[in-house]
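Below is one structure, written out as structure tokens; the observations come after it.
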Amino acid sequence: MTDDQNDPESSPRNAYGILRVGGTLIALSSDFLREVVPRPTRLSQLPYGGSGLQGAMILRDETIPLVDLRLVLGLHQNDTPQDDVAVIIAHENRLVALLVDAIQGIATVDPSDLRACKNAPHVDEKMVFTHENSVVSVLSPGDLLGALGLPTISATPREHMAESQQSHETYLLCSCAGHDLAFRADEVEATHPLSVLAPSPVAIGCCDGVVRYQGRDVPMIDTLSALGLGRRTSPQQSAGVIIRFPDDGFIAFEIDTFHDVVKLRSDQITDCPSVISGKPQFFDKAHIDEKGRSFLIVEVEACRKDTALLNLSRTAIPENAVSRKGSAATDAQQLYLVFFAGMRTCCPILQASEIIRLPQHILSSSPAHGGYMGTITKHGQIVPIYCAARLFGREVKMLTTDSAILIVRRDTAMFGFTIERCEEVAKAHVVESDDQGRDLVARRPRDGTLLPIADFARLIDRIDPVPNRSTDQDIRTQDAQERQDILAT
């Protein structure tokens, strides 16, 4: 066996459809998920019984036995059976429909993340993995159709011929603010349940906040704005489709509704006119279902090549990445929050804790000579607020509802700085430092712009010296000297 065969990272990642069944999460490989349909209202009885067998349904001239998977596995019934869905499984030219509570989403799993569950009922060995802090059990078609003894019906010769002659891809059908979208299942890292969007320094532009995934703060973006379909009102909470980007980055696309997981033949996919989006590179194909509903297929590879999305994805680094040497940590340390506070400047993205909107009492106040503007309460702490433009020695302009407070931490303490507006998260490289190794100027590679670097950590030490840590040299208070130390002008 070669080293590559021994290396779990060299194994292909598998996409699974996650089903909610009687309060339990079950995963089936997307290779065998043909489609998902609502619970049929009419069933034909079959002349034989079986564990969980409800009867036979007819779907596009196909006769398919319908089996309640909850009864087969001994799980609780759904309190609202009218909300059940039927998951059509195709395996070795055999068809069966499984009645489940709901489609929970899709997860892409590394083989190394699968764990064997010994002595599981019905099957010799059951595999499990964790998803969103829940254990998900993997069932294979062999388990369902073989060991569990579920009844199946052969696909028609016509259906089987179509299945064998054309290639298939599995897609997740969903919608966002009235726009129907499709993602290829093997390009989806995971679906994220409805969650409150947390504030973050990256919540500017198309990013509405962050959600937690695998110990990371993943940017949740306005799908319409990012893909050139318009713009929606920023939600306080959202579900999402999480996509993996190069260098171990992640982005979550806001989704309102997950509709279906379907397996599509090439003749079920059509070309998409470029005029449909302001960013046509993100849409090349579409799927039109039997009801005439069109789903735009998101070109994930194009998303991964987009500079703005790529930079944003690099902010989703693990919490311990800063202390590691590696591409994720290095890329994160090269990301800067670009903002305007009397001038256009930037600060390392890892230095910022979060960005919040201005409360009314700060919006209507004027900074004192030292830049102090009052206090707010945040996470049970009293946070002093300072005018960044005044501390930078720049003209103080009137703040507006688009202005914000940048929160920076020193140990457990928090300090807030008013800024006129956030502009972007951009990758930049330090081009000038002083003789003490402090970074002064960064260059933005995409256009060559030079940006002075604001070092808020040093600024906080100026306005609130730590006892027994400052020296006379460290407590210089003259405006000109502060600007020299904090910014490159």
query = Can you list the HN-Hα couplings for region 82-93, worked out from phi with the Karplus curve (6.51, -1.76, 1.60; θ = phi - 60°), rounded to whole Hz and with x for Gly and Pro?
reply = 5, 8, 4, 10, 9, 9, 8, 10, 10, 8, 6, 6
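With 10 angstrom as the radius, rank 361, 179 by how many other C-beta atoms surround their C-beta, starting from the fewest. Walk me through the numbers before you get to the answer.
Numbers: 361 12, 179 19.
Starting with the residue having the fewest Cβ neighbours, the order is 361, 179.
Among 253, 392, 32, rank each residue by its count of other Cβ atoms within 10 Å, from fewest to most, as a rough exposure measure.
Values: 253 28, 392 24, 32 21.
Lowest count first: 32, 392, 253.
Quick one: which of 279/427; 378/427; 279/305; 285/427 span more than 20 angstrom between C-alpha atoms? Provide the component values of the computation, followed by the final result.
Working: 279/427 22 Å; 378/427 29 Å; 279/305 13 Å; 285/427 31 Å.
From 279/427; 378/427; 279/305; 285/427, over 20 Å: 279/427; 378/427; 285/427.
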Order by protection proxy (mean Cβ within 10 Å, highest first), peptides 236-247, 57-68 = 236-247, 57-68
In sequence order, calculated HN-Hα J values of region 266-277 (Karplus, 6.51, -1.76, 1.60; Hz; x Gly/Pro) = 4, 7, 9, 10, 10, 5, 10, x, 5, 5, 5, 9
query = Quick one: Karplus J couplings for region 169-174, per residue in order, coefficients 6.51, -1.76, 1.60, θ = phi - 60°, nearest Hz, x for Gly and Pro?
reply = 9, 9, 10, 9, 9, 8
query = If the cut-off is a Cα-Cα distance under 22 Å, which lysines reach residue 291, setting aside same-chain residues fewer than 8 apart in sequence?
reply = 263
query = Given N residues in region 174-320, what is Rg(Cα) / (2.2 N^0.38 Å)?
reply = 1.00
task = For a footprinting-style exposure proxy, rank 108, 375 by other Cβ within 10 Å, fewest first.
result = 375, 108
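No lab work stands behind these numbers, since they all come straight from the coordinates. Quick caveat: nothing in here was measured; it's all calculated off a predicted structure. Cβ atoms come from the backbone with ideal geometry, glycine included; neighbour counts cover every protein chain shown.
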